[in-house]
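Just below is one structure, and these are the notes that go with it.
The values are calculated or read from the model by the stated rules, or taken from the named source; none is laboratory data. These figures come from a predicted structure and were not determined experimentally. Neighbour counts are summed over all protein chains in view; Cβ atoms, including those assigned to glycine, are modelled from backbone coordinates with ideal geometry. Accessible surface areas use protein heavy atoms only, side chains included; no ligands, DNA or RNA. Shrake-Rupley method; radii C 1.70, N 1.55, O 1.52, S 1.80 Å.
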Amino acid sequence: MRPAPQVAIKGWAWRTPFGASIEHVTRQLLAGERAVRSNTRFDAASYLCSVASSIVEEPTLTRQHRFLRRMGLFALEVAREALHYSGIPASDRVGLFFGYGGLRAHWDDMMPAFEHQQSDGDGAWKRGLNLLHPYWMLQHLSNNAHALAAEELRVRGEGATFGGANAGAQALAAAIRALEAGAIDTAVVVGYDSFIEPETLVDLAARGMLTLQTEANVAAPYAQTAQGFVPGEAAAALVLQRIGSGDGRELAYVQAADGADGEAAAPSLNTIMNLLANLAQGATLIDGAGWAQPAQDNAERSALAKFTGEEAMLCCTMSAMGQLGAAAPLVQAIALAEQLRLQMLAPIAGLQQAADGPLRPLTSATPINTRSALAISMGTPGLAGAIRIDMS
Amino acid sequence: MSARPVFVHGVGAVTALGLSWRESIAPLAAGASAIVPVTEFDVAHFPCTVAAPIRDFKHQGDRRIALACAASEEAWTAAAIAFDDSQQKKIGIFMGAESGRAPFATVHALTRAAGGKAAFDHAKFGKQARVLAEHCDASQTSPAAVTSLLAKRYGATGPAVTISLACSSGASAVAEAARSIRLGICDVALCGGVGADVDPLMLAGFGRIGALSGRGISCPFDARRDGFVVGEGAAMIVLSADRGTAVVELAGEGRSLDAYNLTAPDPDGDGATRAMRAALVAAKIDAVDYVQAHGTSTPLNDAVEAMALRRVFGTHLYKSHVSSVKGALGHWIAGAGALGLLCAHEALMTGTLFPTANLTNPDRDCDLPHVLGGAIKKTVNTALVNAFAFGGANCSLVLRRCA
């Protein structure tokens, strides 16, 4: 079987529910902290799920805020920071690969446009669609953040925006393919997503995927008492080059794979195992998807154990930050690389007693001596992503 | 490892001129245009009141998924990829697709659940929207829902990629599929694009920004052009590393970013030029017999594309022919580039060069060897397909008749 190609990480940046500093966020993870709190994005008291792991800071307002909402602005910020961190100049040989979960309605625009509408759309223009802002389409353009990042950073190589809850993994895999093919010399990869949107919270809760517990009572993923995940949000960026190319230090090495199988909710175990087949060799440390559904968590552990053995250590970045959708693989990449560098693995935040099953879910920060780690992420419908991080 | 070749084994489409690609070919060759006044919903006072809807396509659920499944079935059947037990081929799915949209009535119901006033009422929405959520599966409007379902349907275990790159989504998906085959990541790819944007919000949104034709005509490269017309449909292609009985090779792909402006192309056409040149270099050719242009019927885009074509091909351009299918079927947005590839494929397979429907008075700024009126018949050995998106994401594909 063809091995998944590996590339070097030359720069990174993120915006997470714990903040923007990689050192600070890593300390929080190692301390077993959770960013879960009452939803501060809007008054969610009437929602079934009223907790969230949201980014506390607001993005810096630039002239791009005419076209981008909050998460798009965060995406632009992390792309800018990561490229700056890498020290690599923009050029025709730098590509730009964005992954985001999908369009979300901007209700503050939609409500006035629909206030006087009829359900059959009769007279829709004069009843309010004429009130849509002239930039409404640009604000809802799937590749608006991608295009504005290219313009601002002067990145003129190839690139695309990938869509879906595993779009971060898709973007990473596509960037690695572009580097392998020699189409570009450097790739800026960005994942950004938020589940903390009104219709998303309602939908995920209706499907039984979200925790309905209060902030103090949210059970951790992989706990027998787990009853659903915490919705989160993040933006993260990696700058990639072929191994040994260019100047500057190589922070870590990454491989990525994506897959889908049409399942209504989580992807099947076969799909996850298929992704791992090219990535898992020799890995004994896993950052799990952690949907906090006992049956799903146990099935995930069983699938992972087939590749890593039953004694592999299991952590879960998303136990601390909530589910991050398309941003998950990039956040996992940075978090794991930092923990591998420190030779210390974070516990599953909030986990006191793991459900029975294979793998060793960590309940406290644990010293490690391994140089590689796997990470799994999942989304609906039937979407999966996997990465492997190596330090040498 | 040297890169593997990529061959076109089957194509399929659902268009406003036919519920299959096979049905669509004759009207396209005749210069027919499917652009009609919109009657699917009330478009009174909209900036543009015409579109190219597919009216006799019956389906349930998300329209993008239904269109893509129908087109995929035609392409897959035509490809007749042989799978034997000794050689399990790895299949990848690569779709150009944007997010799906809830029907207008559902959006209306959601706003009512949020209080129905000018401001969103979370206290009401948190309770009242629950009932709506129980009756619709929001995951089906994910941009990746089409890809995921096709992966299940065709047993794909390779990459499952969804590119949401506005007007170059479909072409970029084809390019990504070709790269994956060349690198040995998959052996067979089902790829293409789908657009289902004949929708009140899309027509209003594009209309508000001034991108649509106020005259209600899609006439790429014509002096009368004043904006694009929204169309809908799906175009799918089966690619394989094995030549088998294939007649056409996907010989090169090129992509670039303008890094210029969210709404306007680089006036120098630099990004478009770089994408075309990259595709030609990859195919190891410097001229083609036919160009299926992006040609949206917008004043600036068409002029810039024409300029870029002249710059890339020089005088060789006038030995070829150029046309755009958007005069006939409107602009499919995420599906546009994949539809363009099917037109170029037809040119290579049968020597039929579709005309640019509604092009009667070519603009002097768009001086190109147009195909006017009806189809031209000629031997075509090489063809170029262009797709250029809002935001300056460009993709060009080169097809070549196998020796």
Worksheet item: Given Cα pairs under 8 Å that are at least 6 residues apart, what percent is the relative contact order of region A:1-90?
Response: 34 percent
Practice prompt. Using label points projected 7 Å from each Cα along Cα→Cβ, tell me how many nm separate B:CYS402 and A:GLN118, to one decimal.
Written response: 5.8 nm
Fill in: Label zone at B:ASP56, where the point sits 7 Å out along the Cα-to-Cβ direction: region B:2-41 residues whose backbone N lies under 17 Å
B:13-28, B:32-36
Worksheet item: What dipole magnitude, in Debye to the nearest 20, does chain A give about its Cα centre under +1 on Lys/Arg Cβ and -1 on Asp/Glu Cβ?
Response: 640 debye
Item to complete: Give, in nm to one decimal, the length gained when the segment between A:GLU250 and A:GLN227 is fully stretched (0.36 nm per residue of separation minus the Cα-Cα distance).
Response: 4.3 nm
Worksheet, complete the sentence: Out of B:PRO5, B:GLY340, A:ALA349 - ranked by how far each Cα lies towards the positive end of the dipole of the protein assembly as shown, with unit charges on the beta-carbon of charged residues - the top one is B:PRO5
Discussion item. Using only protein heavy atoms and a 1.4 Å probe, how much accessible area in total is buried between B and A, to the nearest 100 Å²?
Written reply: 6800 Å²
Discussion item. Please compute the per residue accessible area over the protein assembly as shown with all protein chains in place, 1.4 Å probe, rounded to a whole number of Å².
Written reply: 32 Å²
Worksheet entry | Two-decimal ratio, the protein assembly as shown, of alpha-carbon radius of gyration to 2.2 N^0.38 Å | 0.89
Discussion item. Taking the Cα centroid of region B:156-219 and of region A:129-170, what is the distance between the two, rounded to the nearest whole Å?
Written reply: 14 Å
Item to complete: For B:VAL248, list long-range residues whose amide hydrogen, built 1.01 Å from N in the peptide plane, is under 5 Å from its own amide hydrogen.
Response: B:VAL8, B:CYS402
Item to complete: Work out the length of the dipole vector of the protein assembly as shown about its Cα centre, built from +1 on the beta-carbon of each Lys and Arg and -1 on the beta-carbon of each Asp and Glu, and round it to the nearest 20 debye.
Response: 820 debye
Worksheet item: Can you list the residues of region B:361-403 that have at least 20 square angstrom less accessible area with all protein chains present than in their chain by itself, probe 1.4 Å?
Response: B:PHE390, B:GLY391
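Which loop trypsin sites (Lys or Arg not before Pro) in region A:104-179, with loop taken from DSSP, have no more than 16 other Cβ atoms within 10 angstrom of their Cβ?
Working: sites: A:ARG104, A:LYS126, A:ARG127, A:ARG154, A:ARG156, A:ARG177; in loops: A:ARG104, A:LYS126, A:ARG127, A:ARG154, A:ARG156.
Here the sparse-neighbourhood loop sites are A:LYS126, A:ARG154.
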Worksheet entry | Delta accessible area of at least 20 Å² on complex formation, residues of region A:220-265, 1.4 Å probe, chain isolated as reference | A:ASP258, A:ALA260, A:ASP261, A:GLY262
Worksheet item: Which of these, A:ALA235, A:ALA181, A:ALA373, has the largest mean-square fluctuation under a Gaussian network model of chain A (Cα springs below 10 Å)?
Response: A:ALA181
Worksheet item: Counting Lys and Arg as +1 and Asp and Glu as -1, what is the net charge of the other residues whose Cβ lies under 14 Å from the Cβ of A:ALA178?
Response: +1
Worksheet entry | Cβ-defined net charge surrounding B:LYS127, 14 Å radius [Lys, Arg +1; Asp, Glu -1] | -1
Worksheet item: So which GluC sites (Glu not before Pro) in region A:119-199 end up in coil per DSSP with only 11 or fewer other C-beta atoms within 10 Å?
Response: none
Worksheet item: If you plug each phi of region B:99-108 into the Karplus form 6.51 cos²θ - 1.76 cosθ + 1.60 with θ = phi - 60°, what whole-Hz ³J(HN,Hα) values come out, in order, with x for Gly and Pro?
Response: 4, x, 10, 5, x, 3, 5, 6, 4, 4
Practice prompt. Calculate the spin-label point distance for B:ALA119 paired with A:SER38, positioning each point 7 Å from the Cα along the beta-carbon direction, and give it in nanometres.
Written response: 1.9 nm
Discussion item. Rounded to the nearest 5, what % of DSSP beta bridges with both residues in chain B are antiparallel?
Written reply: 65 percent
Worksheet entry | Derived scalar couplings ³J(HN,Hα) [region A:117-127; Karplus, 6.51 cos²θ - 1.76 cosθ + 1.60; whole Hz; x for Gly, Pro] | 6, 9, 5, 8, x, 4, x, 4, 5, 6, 7
Worksheet item: Can you give the helix-only mean residue ellipticity at 222 nm for the protein assembly as shown, where every DSSP H stretch with n ≥ 4 adds -39500 (n - 2.57) and the sum goes over all residues, rounded to the nearest 500 deg cm²/dmol?
Response: -9500 deg cm²/dmol
Worksheet entry | Low-density loop cleavage sites - trypsin sites (Lys or Arg not before Pro) in region B:1-104, where at most 15 other Cβ are within 10 Å (DSSP) | B:ARG55, B:LYS58
Item to complete: Apply the Karplus parameterisation 6.51 cos²θ - 1.76 cosθ + 1.60, with θ equal to phi minus 60°, to every residue of region A:159-164 and state each ³J(HN,Hα) to the nearest whole Hz, in sequence, with x for glycine and proline.
Response: x, 7, 9, 9, x, x
Worksheet item: Relative contact order (percent) for chain A, with alpha-carbon contacts under 8 angstrom and 6 or more residues of separation?
Response: 24 percent
Worksheet entry | Local electrostatic count at B:LYS152 - Lys and Arg +1, Asp and Glu -1, tallied over other residues with Cβ under 9 Å | -1
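Please report the orientation-averaged projected area of chain A, defined via the convex hull of its C-alpha atoms, in nm².
Working: hull surface 74.9 nm².
Mean shadow area of the hull around the Cα atoms is 18.7 nm².
Normalised by the residues of chain B, what does the relative contact order come to in percent, with Cα pairs under 8 Å and at least six apart?
24 percent
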Worksheet entry | Max mean-square fluctuation residue, GNM over chain B, Cα-Cα springs under 10 Å, options B:PHE388, B:PHE41, B:PHE221 | B:PHE41
Worksheet entry | Calculated FRET efficiency for the pair A:HIS84/B:HIS316, C-beta based, R₀ 41 Å, to 0.05 | 0.45
Response to the item:
Candidates A:GLY309, A:GLY325, A:GLY244; GNM for chain A (alpha-carbon contacts under 10 Å) flags as most fluctuating A:GLY244
Worksheet entry | B:HIS108 - accessible surface, heavy atoms, 1.4 Å probe, Å² rounded to 10 | 20 Å²
Worksheet, complete the sentence: Checked against the positive end of the charge dipole of the protein assembly as shown (+1 on Cβ of Lys and Arg, -1 on Cβ of Asp and Glu, about the Cα centre), the farthest of B:LEU17, A:THR380, A:ALA295 is B:LEU17
Practice prompt. Between the alpha-carbon centers of region B:304-337 and region A:302-376, tell me the distance in whole angstrom.
Written response: 51 Å
